[in-house]
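The values are calculated or read from the model by the stated rules, or taken from the named source; none is laboratory data. Everything numeric in this text was worked out from a predicted model, so none of it was measured. Cβ coordinates were reconstructed from backbone atoms using ideal geometry, including for glycine residues, and neighbour counts include every protein chain displayed.
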Amino acid sequence: MISLNIEKTLGFVSKETIAAFEPKVKAAQEMLEYGTGKGNDFLGWLHLPTSITQEHLTDLKETAKVLRENCEVVIVAGIGGSYLGARAVIEALSNSFTWLQDKKTAPVIIYAGHNISEDYLFELTEFLKDKKFGVINISKSGTTTETALAFRLLKKQCEDQRGKEMAKKVIVAITDAKKGAARITADQEGYKSYIIPDNVGGRFSVLTPVGLLPIAIAGFDIDKLIAGAVAMEKACGINVPFAENPAAQYAATRNALYQSGKKIEILVNFCPKLHYVNEWWKQLYGESEGKEHKGIFPAAVDFSTDLHSMGQWIQEGERTIFETVISVDKVNHKLEVPSDEANLDGLNYLAGKRIDEVNKMAELGTQLAHVDGGVPNMRIVIPSLDENSIGELLYFFEIACGISGYVLGVNPFDQPGVEAYKSNMFALLNKPGYEAESKAIQAKL
Ligand code: PA5
């Protein structure tokens, strides 16, 4: 099971300061459990792992099978919470190079609808020209411009290339039960569709079909992913004492650090496969906590890569940061440093060592250096990169985020700030219904 170690924060905030958060954490846990806090109509994720039925998982696996059998490539069209969870899990579990190999055991998963880059979409449509591809159109509102635009292009191309009948088979919609253009299109075209529950917000939706379907199509075991989340739901439950509850400890420690002036949390990995877990976490915490002019700024780095760039800032820049490192205990493969008679590179002192041993020493050396440099450090150790551990990690971060947001005193489940750019963009594009805004914005230019 994953574990949290906060020892290397204690030189910066005292044990007592963290312990003093217990009543606030308890109150936050009760607000979540009894639905008495702000945003309480978005708590469907809280007991989601233990309420997922076997029938639901079987249905998802059957749909995944249809796409696996009929597609070389599957495009996940979505943005924010409607794609980051799937990408985080798929990239964490995938072989880094399979997508470049000719022989594949699962469709290649590609992402779209998360940008409006003409070049990206042109190159994607070019790439798909000779491919048997399918599309999962994911949007809770069903009206997000980035996603809708990509889906319009992909739907047409899929129908043109594969015929209407096959397109119907390989296009799936994951959206609201009733409202939005994605729902209307799915119903009219007769696509297989899944519902994003009303009470689950985008960034908490990875364990709904939003994440589970793409993950199953990519060939990963969604039963084990859910089993991991179930284990964490229990380990972080309201009745688990504060000192033994990793989500409570994480929420309390980061809030204690924030109060002491540490305004930025950097999520760190030493394994490039976790890059999109960082991205998913950034969205989860940034969108949940950054409001009312408050909130820890969630940043992320991939080490060793970023030790040779951001490492300088982290070691010696402004002392307003703390780090949370995700450390993978056991790697999945074995590779030793070979011995070399000439030893021209001077690396024979490492001969016979596992590469991971070198990586772990980089990790330890970095931790010691950063703590010495004034950066508090938490460590989340995950046993290995597999479905179980990733399921645990996802749920751990979700519940800790709910607790932490309530401790901070904000509504962790809304995102009013995301609307500002949309309204300006629609006004600039003269979207029907935005006439007054269009006039006002033109006057500003
Ligand atoms: O967490 C959220 O609610 C957001 O990041 C949404 O997931 C994102 O804006 C996409 O919205 P939608 O699923 O409605 O297209």
Given the structure, is Gly11 under 29 Å from Val375 (Cα atoms), loosely packed, with under 14 Cβ neighbours inside 10 Å and touching a helix residue (DSSP H, G or I) at 6+ places or on another chain (Cβ under 8 Å)? yes
What residue, of Thr208, Thr253, is of a type in the set (Val, Ile, Thr), within 16 Å of the ligand (Cβ to nearest atom) and modelled with pLDDT of 95 or more? Thr208
Hey, any hits in segment 286-302 for a residue that's more than 26 Å from Asn255 (Cβ to Cβ) and among the β-branched types (Val, Ile, Thr)? no
Looking only at segment 276-302, and only at residues there that are part of a loop (DSSP other than H, G, I, E, B) and not hydrophobic (A, V, I, L, M, F, W, C), the one that is surrounded by the most Cβ atoms within 10 Å (Cβ to Cβ): Gly295
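Report those helices (runs of 4 or more DSSP H) wholly inside segment 303-408 carrying at least 3 residues which are farther than 21 Å from Asn269 by Cβ.
387-408
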Among (1) touching a Gly at 6+ places or on another chain (Cβ under 9 Å); (2) closer than 24 Å to Ala20 by Cα, the one test that Cys236 misses: (1)
Verdict on Ile110 being modelled with pLDDT of 95 or more, within 16 Å of the ligand (Cβ to nearest atom), under 26 Å from the mean Cα position of the chain (by Cα) and under 13 Å from Pro214 (Cα atoms): no
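Residues that are under 30 Å from Phe97 (Cα atoms) and touching a residue at least 40 places away in the same chain (Cβ under 8 Å): find the helices (runs of 4 or more DSSP H) completely inside segment 128-228 holding 3 or more of those.
Values: elements: 145-170, 181-189, 209-217.
The helices (runs of 4 or more DSSP H) meeting that bar are 145-170, 209-217.
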Go through (1) under 26 Å from Ser14 (Cα atoms); (2) surrounded by 23 or more Cβ atoms within 10 Å (Cβ to Cβ) one by one and return the number of the condition Val240 breaks. (2)
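The rows are residues; the columns are (1) surrounded by fewer than 24 Cβ atoms within 10 Å (Cβ to Cβ); (2) in contact with a strand residue (DSSP E or B) (Cβ under 9 Å, 6 or more places away or on another chain); (3) among the polar types (S, T, N, Q).
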site: Thr143; (1), (2), (3): yes, no, yes
site: Ala148; (1), (2), (3): yes, yes, no
site: Arg152; (1), (2), (3): yes, no, no
site: Lys156; (1), (2), (3): yes, no, no
site: Val172; (1), (2), (3): no, yes, no
site: Thr185; (1), (2), (3): yes, yes, yes
site: Asp198; (1), (2), (3): yes, no, no
site: Phe220; (1), (2), (3): yes, no, no
Here's a check for you: in segment 184-205, which residue that is among the small types (Gly, Ala, Ser) and within 19 Å of the chain's Cα centre (by Cα) is nearest to the ligand (Cβ to nearest atom)? Gly202
Looking at this structure, is Thr53 away from the ligand (no atom under 16 Å from the Cβ), of a type in the set (S, T, N, Q) and closer than 24 Å to Ala148 by Cβ? no
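Conditions tested, residue by residue: (1) basic (Lys, Arg); (2) outside the structural domain of Val206 (by TED's automatic domain parsing); (3) part of a helix (DSSP H, G or I).
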{"residue": "Ala27", "(1), (2), (3)": "no, yes, yes"}
{"residue": "Leu57", "(1), (2), (3)": "no, no, yes"}
{"residue": "Glu62", "(1), (2), (3)": "no, no, yes"}
{"residue": "Val76", "(1), (2), (3)": "no, no, no"}
{"residue": "Gly81", "(1), (2), (3)": "no, no, yes"}
{"residue": "Ala86", "(1), (2), (3)": "no, no, yes"}
{"residue": "Val89", "(1), (2), (3)": "no, no, yes"}
{"residue": "Lys103", "(1), (2), (3)": "yes, no, no"}
{"residue": "Ile109", "(1), (2), (3)": "no, no, no"}
Looking at segment 423-443 only, could you name the residues that are surrounded by 15 or more Cβ atoms within 10 Å (Cβ to Cβ) and of a type in the set (D, E, K, R)? Lys431, Glu437
Gly228 passes all but one of the listed conditions (1) of a type in the set (Gly, Ala, Ser); (2) touching a Ser or Thr at 6+ places or on another chain (Cβ under 8 Å); (3) over 30 Å from Pro416 (Cβ atoms); (4) surrounded by fewer than 24 Cβ atoms within 10 Å (Cβ to Cβ); the exception is number (4)
Assess whether Gly134 counts as being modelled with pLDDT of 95 or more, farther than 30 Å from Asn40 by Cβ, away from the ligand (no atom under 13 Å from the Cβ) and in contact with a Pro (Cβ under 8 Å, 6 or more places away or on another chain). yes
Could you tell me whether segment 70-80 includes any residue that is surrounded by fewer than 18 Cβ atoms within 10 Å (Cβ to Cβ), modelled with pLDDT of 95 or more, more than 16 Å from the ligand (Cβ to nearest atom) and of a type in the set (Asp, Glu)? yes
